[in-house]
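Step one of this worksheet: look at the structure below.
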Amino acid sequence: MQQTLTQTPGRSYARRWKFRFGLNMIVMAVCFGLYYLGFFGRVEGPLSMANIGRSLAGVGFTVANFQGLLIAVFIGMLTWNWILNLIAHLTGQRLTCTQGSREQGFCGKLVERRRDSDGKSWVYACPNGHLRREAHFHPIRKGKLANSLLAASLAAAIMFHFA
């Protein structure tokens with residue numbers, strides 16, 4: 001049976017419609033709450049920009065602190081996957097077997113890292129019984145959303161710096 005992208009197995013059209021409608025109602029309720037708290041600027045409330053600025057100034061949060069926060073967010077968004085890849089590589093995760101060749105194809109099964117019999121180097125063992133001294137690492141890559149958020153945080157930091 002061929003399945004299209006709009007069909008989800010086990011869910012009828014009515015169930016999908018009700019789920020999406022319910023999700024829209026939840027989002028609308030959150031937006032109404034934020035509106036009446038003053039987040040969008042039309043209503044005076046605790047989340048209006050003037051009140052947020054007064055409360056931040058009351059605790060000693062300055063313009064320099066805000067600029068530093070924007071730069072820290074940008075650096076964090078830039079480096080999170082580098083840090084995760086370093087940790088994954090050092091702990092021996094996301095590694096696959098390299099037994100085989102380009103023509104025949106590689107084994108590609110997930111490997112388990114353990115110490116060699118002499119205890120000096122690592123050996124990678126796959127479920128098919130291959131023992132290798134090397135394994136292929138599959139890094140975590142940023143997607144479109146992460147790159148978009150990275151560009152937006154850089155733009156916000158630059159705009160606030162020159163504003």
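The values are calculated or read from the model by the stated rules, or taken from the named source; none is laboratory data. Note that the structure is predicted; figures quoted are calculated from it, not measured. With ideal geometry, Cβ positions are generated from the backbone for all residues, glycine too; neighbour counts draw on all protein chains shown. Ligands, DNA and RNA are stripped out before the accessible areas are found, and what is left, the full protein with its side chains, is counted by its heavy atoms. Shrake-Rupley method; radii C 1.70, N 1.55, O 1.52, S 1.80 Å.
Structural remarks
- Estimated purely from DSSP H runs of n ≥ 4, each contributing -39500 (n - 2.57), the mean residue ellipticity at 222 nm for the chain is -17500 deg cm²/dmol once divided by its residues.
- Spacing of the modelled spin labels on Asn51 and Leu154, each 7 Å from Cα toward Cβ, amounts to 3.7 nm.
- Among the cysteines of the chain, those whose beta-carbon sits 4.7 Å or more from every other cysteine beta-carbon are Cys31.
- Rolling a 1.4 Å probe over the protein chains gives Ser101 an accessible area of about 30 Å².
- Acute angle (nearest 10 degrees) that the helix 63-91 long axis makes with the longest principal axis of the chain, alpha-carbon atoms: 20 degrees
- Heavy-atom surface of the range 79-119, accessible at 1.4 Å and reported per residue (Å²): 75 Å²
- The accessible surface of the range 1-157, taken with every protein chain in place and a 1.4 Å probe, is 63 percent carbon and sulfur.
- With both labels modelled 7 Å from their Cα along Cα-to-Cβ, the Thr91 to Phe162 distance reads 4.2 nm.
- Multiplying the residue separation of Ala14 and Ser101 by 0.36 nm and removing their Cα-Cα distance gives an extension gain of 26.3 nm.
- Over the range 5-163, relative contact order from alpha-carbon pairs under 8 Å, at least 6 apart, %: 16 percent
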